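Read the structure below first, then the notes.
The values are calculated or read from the model by the stated rules, or taken from the named source; none is laboratory data. Quantities reported herein were computed from a predicted structural model and do not represent experimental measurements. Glycine gets a Cβ as well: all are built from the backbone with ideal geometry, and neighbour counts include every protein chain shown.
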Amino acid sequence: MNRVFKAIRNSSIGVFFAGIVTVISGCTAREGALFAFLLLGLQFCSGNPPNTLYWTQFSDDETSIFKCDLNGTLPCTPETVVTDNFTGEDLSAVEVDPIGGFLYWAIQNTGGMDGFIRRCSLKATKCVPETVGNIGNTTADQILIDSAKNFAYWADGDGFIRGCSLASLPCTLINVSNQGLPGFWFGIEQFNGVLFATGNEPDVVSCSFNNTSTCTLRRLATADNARALKVDPKRSLLYVAITDANNIHRCSLATPGCSLELIATSTGGFPSALGVDVVRNDLYWRAADTNLTRCSLDGPLPCQPEQVIVNGVRVRQLDLGP
């Protein structure tokens with residue numbers, strides 16, 4: 001059975017159906033989605049809700065990644081996952097790859113040092129850092145891991161989308177977008193093979209490959225000083241944190257264009273990190289300087305913060321994982 005499953009999974013039809021079921025069900029693993037579709041008929045898996053919140057910080061300890069249990073008592077008690085003094089500079093992005101079983105993060109290129117992307121296995125009893133690649137004088141405020149392509153993407157301070165293949169480490173940095181845009185770029189996301197990025201210029205952009213090795217940027221929506229993006233693949237929605245307006249907006253990716261609607265107001269301002277639980281339909285964000293909150297998207301909109309998840313820390317970036 002394992003041989004049959006692996007053969008189907010790795011075939012083109014297997015990858016095709018896995019992608020469909022992943023989008024429909026919100027499953028976090030292609031193997032789980034494919035297994036449910038092919039072996040359990042049309043009983044699409046409902047997906048497992050994330051149990052853990054991971055984040056990096058602006059102050060107190062900028063070289064560590066923290067986590068807390070979302071199933072425990074809230075506000076949660078932070079635990080240190082790893083302290084990475086590889087260059088002595090602060091950590092920025094954090095990204096969970098549930099399919100590959102890795103936790104990724106970026107080290108900023110401040111203080112005249114090169115920037116790096118690093119990772120560790122979430123399957124091991126201890127997070128042992130390894131270098132994914134040297135990103136030189138570029139920045140990575142948010143990382144996107146495409147497990148199907150085994151590729152890492154990020155948007156940088158020069159207005160380009162960069163990336164590298166994870167097939168061989170350390171990976172080699174390449175330009176993914178064939179042109180840059182003005183401003184300092186922060187957020188990066190993906191939906192149906194199209195990349196999305198945003199930054200302090202008043203734009204959300206898309207980048208389509210069209211059977212080419214590089215993608216072409218085009219303006220999708222206006223969003224003044226947007227600091228983070230997050231896609232809900234189950235509902236075909238793109239969430240945008242807009243710091244100038246202290247609001248979080250979203251638009252549908254199922255129709256042409258991106259007409260932003262107000263989803264939440266960030267109490268205290270400066271929403272700069274986003275997370276979406278596609279199973280519970282909850283939205284997470286950094287609110288003000290010292291709170292990380294969430295609200296349910298099943299109720300009236302704009303939603304109201306329901307629960308402080310982490311109190312008293314300056315969250316920089318966050319992600320949800322098993």
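Being more than 15 Å from the chain's Cα centre (by Cα), within 25 Å of residue 208 (Cα to Cα) and assigned to a strand (DSSP E or B) is true of residue 164.
Of these, 116, 86, which one is in a loop (DSSP other than H, G, I, E, B) and either modelled with pLDDT under 95 or surrounded by 16 or more Cβ atoms within 10 Å (Cβ to Cβ) (or both)?
86
The set of residues in the range 91-113 that are of a type in the set (A, V, I, L, M, F, W, C), without any contact (Cβ under 8 Å) to a residue 40 or more places away in the chain and not in a strand (DSSP E or B) contains only 113.
Six or more apart or on different chains, Cβ atoms under 9 Å: show the pairs whose first residue is in the range 124-136 and assigned by TED's automatic domain parsing to the domain that holds residue 94 and whose second is aliphatic (A, V, I, L, M) and surrounded by fewer than 17 Cβ atoms within 10 Å (Cβ to Cβ). Listed pairs, sorted by first residue: 130/169; 131/169; 132/169; 133/169.
Name the residues in the range 71-129 that are within 22 Å of residue 230 (Cβ to Cβ) and among the aromatic types (Phe, Trp, Tyr), would you? Of everything in the range 71-129, those that are within 22 Å of residue 230 (Cβ to Cβ) and among the aromatic types (Phe, Trp, Tyr) turn out to be 102, 104, 105. Quick one: is residue 197 in the same structural domain as residue 135 (by TED's automatic domain parsing), surrounded by 15 or more Cβ atoms within 10 Å (Cβ to Cβ), touching a Gly at 6+ places or on another chain (Cβ under 7 Å) and in contact (Cβ under 8 Å) with a residue 60 or more places away in the chain? When the stated conditions are applied, residue 197 does not pass them. Examine the range 172-187 for a residue that is among the aliphatic types (A, V, I, L, M), in contact with a Cys (Cβ under 8 Å, 6 or more places away or on another chain) and closer than 22 Å to residue 57 by Cα, and state whether such a residue exists. Among the residues of the range 172-187, not one is among the aliphatic types (A, V, I, L, M), in contact with a Cys (Cβ under 8 Å, 6 or more places away or on another chain) and closer than 22 Å to residue 57 by Cα, which makes the answer no.
Would you mind stating whether residue 281 is at positive phi and modelled with pLDDT under 90? Spelling it out, it is not the case that residue 281 is at positive phi and modelled with pLDDT under 90.
Looking at 93, 124, 155, just one residue is among the small types (Gly, Ala, Ser), buried (at least 19 other Cβ atoms within 10 Å of the Cβ) and more than 23 Å from residue 277 (Cβ to Cβ), and that residue is 155.
Among the residues making up the range 119-156, those that are in a strand (DSSP E or B), of a type in the set (Gly, Ala, Ser) and more than 17 Å from the chain's Cα centre (by Cα) are 121, 133, 136.
Are any of the residues in the range 256-264 in contact with a strand residue (DSSP E or B) (Cβ under 7 Å, 6 or more places away or on another chain), in the same structural domain as residue 185 (by TED's automatic domain parsing) and within 25 Å of residue 52 (Cα to Cα)? Scanning the range 256-264 turns up at least one residue that is in contact with a strand residue (DSSP E or B) (Cβ under 7 Å, 6 or more places away or on another chain), in the same structural domain as residue 185 (by TED's automatic domain parsing) and within 25 Å of residue 52 (Cα to Cα). With respect to residue 216, determine if the residue is among the β-branched types (Val, Ile, Thr), in the same structural domain as residue 282 (by TED's automatic domain parsing) and within 20 Å of residue 140 (Cα to Cα). In short, yes. Where strands (runs of 3 or more DSSP E) fall entirely within the range 220-322, those with at least 1 residues that are within 18 Å of residue 57 (Cβ to Cβ) and either in contact (Cβ under 8 Å) with a residue 12 or more places away in the chain or not hydroxyl-bearing (Ser, Thr, Tyr) (or both) are at 226-232, 237-242, 274-277, 282-287, 291-296, 307-311, 315-321. Residues of the range 35-61 that are at pLDDT below 85 and under 22 Å from residue 293 (Cβ atoms): 58, 59, 60, 61.
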